Amino acid sequence: MSVRFTRRGLLKTGAGVTAALAMPAIVSAAGHKKFEGKTVRLLTWSDNTGLAILNHIAKPFEEATGAKVIADRTGSTSEMVAKLRASGGRAQYDVITLAGVGAVELVKDGLLAKPDLNQLPNLQDVDPRFRTGADGHGIGYLLWTGGLVYNTKTFKSPPTSYAEMWEEQYADRLFLPPATWTDALDTIFATSRMLGGDGRDADAALAKLGELRNRLLTFGENPTQLVELFRSDALDIGGVYAPAFFAKELADPANSNMGATYDVEEGFFADLMYTIMPKAKPGEDDVVHAFMNYTLDAKVQGVMAEAVLNGPINQKAEMSAAAKASPFIIKPEQLGDKAIVHDKEFIAEVREDWIKRYTQTLA
């Protein structure tokens, strides 16, 4: 979850993903661009998932409406929270995309406004479970999912438990997520589950994770670097980590040596990401709400799902046959017993402590 990212590199559209989206209903029949001269200031991630937002949401929104989207990009949800806190209430951003736990924290700080749901008509097509969160301050965006990433040359069939990471043969060929990502919290939770706990026993989980300290090749701060390490056959396994970073590589395992699986005994992680609106914002309500609504457009949701392997929450998402069949794109109807959807209040409460202890354990 974590959300949280520090990536760079150009994201290419996958099979079935069109380079441009059809113009939505926010353009009148006469072609008038309703928001000409208005601006939306966006804070999003600096990796390929953030680049996909620029290519598949911000750019077509500009073309359709005449508005200008000015994007600031940063590495993680933790950094986004820190940026908004550091603004001191100054109007800096209109919209932020981030992991759910970040929204919960910012609500407690009193820094977010509640969007007007009447100005978000696309919500009617969103799975009711994922429409809002963070006490109504967060609008559902996409599902971020995490499991195990593995080397297809090493594993003839996908690993079935996080316990595989403790196998001696993978020493020095193992990676874990960096501390500030929500995936690190997921990793603590998964380790607790692996030990027979309920996921919340950080003491036992961190003690177990400490056994990996001298076996790690790297933390996964840079997915592009991980791709090269898998391609050069230097890595075997790692997690909890999101397949979203590796859409192109997972489609070509013969060249990348990369596979990913959610089918593990202890479960996989599904986190609803949000778009949020700061209480102090420079933009006007109408264009800001229009942008938030556009993130939930059926075409946008389908394109984003395929581009970065995030789960769509619009039940009418227009997806290609390949995207519908992809084992790496978890649709809401596929969230069964193995899907761990965090109690965001709990994660927000323990996040700083768990990050600190994870760092101390593995640094």
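The values are calculated or read from the model by the stated rules, or taken from the named source; none is laboratory data. Predicted model, so just to flag it, every value in this text is computed and none were measured. Neighbour counts run over all protein chains shown; Cβ positions are idealised from the backbone, glycine included. Note: areas computed on protein heavy atoms with side chains; ligands, DNA, RNA excluded. Shrake-Rupley method; radii C 1.70, N 1.55, O 1.52, S 1.80 Å.
Within the set of pairs 6 or more residues apart or between chains, which connect a residue that is closer than 13 Å to residue 181 by Cα inside the range 350-363 to a residue that is of a type outside the set (Val, Ile, Thr) and in a helix (DSSP H, G or I) with Cβ atoms less than 7 Å apart? Matching pairs, first to second residue: 351/185; 354/185; 354/202; 355/184; 358/184; 358/206. For the range 144-198, a residue qualifies if it is in contact (Cβ under 8 Å) with a residue 12 or more places away in the chain, assigned to a loop (DSSP other than H, G, I, E, B) and either charged (D, E, K, R) or closer than 14 Å to residue 271 by Cβ (or both), and the qualifying residues are 153, 172, 173, 177, 181. For residue 297, indicate whether it is touching a residue at least 60 places away in the same chain (Cβ under 8 Å), over 26 Å from residue 123 (Cα atoms) and open to solvent by 10 Å² or more (accessible area, probe 1.4 Å). For residue 297, the condition - touching a residue at least 60 places away in the same chain (Cβ under 8 Å), over 26 Å from residue 123 (Cα atoms) and open to solvent by 10 Å² or more (accessible area, probe 1.4 Å) - is not met.
Given the condition closer than 30 Å to residue 290 by Cβ and charged (D, E, K, R), answer yes or no: does some residue in the range 134-148 qualify? Full working, then the answer.
Taking the range 134-148 and keeping what is closer than 30 Å to residue 290 by Cβ, we get 134-145.
Now narrow it down to the ones that are charged (D, E, K, R): 135.
Yes, the range 134-148 contains a residue that is closer than 30 Å to residue 290 by Cβ and charged (D, E, K, R).
Residues in the range 192-224 that are of a type in the set (A, V, I, L, M), touching a strand residue (DSSP E or B) at 6+ places or on another chain (Cβ under 9 Å) and open to solvent by less than 10 Å² (accessible area, probe 1.4 Å): 209, 212. Residues that are modelled with pLDDT of 95 or more and in contact with a His (Cβ under 8 Å, 6 or more places away or on another chain): does the range 128-138 have at least one? Looking for residues that are modelled with pLDDT of 95 or more and in contact with a His (Cβ under 8 Å, 6 or more places away or on another chain), one finds none in the range 128-138, hence no.
The residues of the range 118-137 that are open to solvent by 60 Å² or more (accessible area, probe 1.4 Å) and not polar (S, T, N, Q), listed by number, are 121, 128, 129, 131, 135. In the range 339-363, which residue that is open to solvent by 30 Å² or more (accessible area, probe 1.4 Å), outside any helix (DSSP H, G or I) and within 20 Å of residue 99 (Cα to Cα) is modelled with the highest pLDDT? Here the answer is 341.
Scanning the range 225-234 for residues that are surrounded by 16 or more Cβ atoms within 10 Å (Cβ to Cβ) and either in contact with a strand residue (DSSP E or B) (Cβ under 6 Å, 6 or more places away or on another chain) or among the hydroxyl-bearing types (Ser, Thr, Tyr) (or both) returns a single hit, 230.
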